[in-house]
Structure formats: structure tokens, C-alpha cells
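Colleague: First the structure, which I've put down as C-alpha cells, then a few questions once you've had a look.
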Amino acid sequence: MQVEIEFVEMDRSETLETRIKQELNKLEARYSWLTHAIVYLKSGDRAKRTCIVELEMRMPGNPIFVREENEKFSLAINKVFDVMRRQLEKKKDKMYSHGD
């Protein structure tokens, strides 16, 4: 699976990048049909101190996009991957239920 991690208007963080790669490796191990992952990390509204994580997973068919905001990147990363896992499970069930 090809992986792109973009830090938008902020400094790159090896800690966050490593964490994201670990989560992506778990997804790739479970869903072999994933072809591409794009992750954007952005600092949102400075007054509210929001951290934004956007995750797009590409595969045969339509891609899945998830966006999460939180006051900490670690929490936004956890949430974005939790939501993505649920979406991928739905897609997997749909893909494999056509033969019934």
C-alpha cells in the first residue's frame, strides 16, 4: 500500500508519523485490498486549539474519507482510525456478502 502523510502548515512530527504508520500497517494487514492511504494533519482554529486529522483510504471502487478534530493530535488519530476501521468493515461485509 502506498502511503502519503502530509503536515499542512505545521512542522513534521516523527512521533505522529510513526504512530500513523503503525495504524496503517494494522489496516493493511487486515484489508489486503487497500491500495493507497493519504493522511493530512492540520492545526485548525488557533483560538480553539483544534487538531485536524483527515484520512483517505483508496481501494477498488470508491475511496473512504474520514475527518476528525480534537484538542490533541493523538486523540484525533485514535478517533479517525476507529471510524475508518468501522467503515472498512462495512465495505468488507458488503464486498463478501454478494455471493450469498
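The values are calculated or read from the model by the stated rules, or taken from the named source; none is laboratory data. For clarity, every value in this text was computed on a predicted model and none was experimentally measured. Because the Cβ atoms are built from the backbone with ideal geometry, glycine has one as well, and the counts that use them run over all protein chains shown. In case anyone asks, the SASA skips ligands and DNA or RNA and just uses the protein heavy atoms, side chains included. Shrake-Rupley method; radii C 1.70, N 1.55, O 1.52, S 1.80 Å.
Colleague: Could you give me the residue pairs with C-beta distances under 9 Å whose first residue belongs to region 22-47 and is under 16 Å from Lys91 (Cβ atoms) and aromatic (Phe, Trp, Tyr), whose second residue is part of a loop (DSSP other than H, G, I, E, B) and open to solvent by 40 Å² or more (accessible area, probe 1.4 Å) wherever it lies, and which are 6+ apart or on separate chains?
Modeller: Note: pairs meeting the criteria are Trp33/Pro60.
Colleague: Same structure, new question: I'd like the full set of residues that are open to solvent by 80 Å² or more (accessible area, probe 1.4 Å) and either modelled with pLDDT of 95 or more or charged (D, E, K, R) (or both), limited to region 41-81.
Modeller: Arg46, Lys48, Arg49, Arg58, Phe65, Arg67, Glu69, Glu71, Lys72, Lys79
Colleague: Now a separate question. For the structure I just gave you, tell me whether Glu14 is open to solvent by 20 Å² or more (accessible area, probe 1.4 Å) and either at pLDDT 95 or above or over 15 Å from the mean Cα position of the chain (by Cα) (or both).
Modeller: Against the criterion (open to solvent by 20 Å² or more (accessible area, probe 1.4 Å) and either at pLDDT 95 or above or over 15 Å from the mean Cα position of the chain (by Cα) (or both)), Glu14 qualifies.
Colleague: Quick one: in region 17-40, which of the residues that are farther than 15 Å from Val80 by Cβ and charged (D, E, K, R) is most open to solvent (accessible area, probe 1.4 Å)?
Modeller: Among those residues, the one meeting the criterion is Arg30.
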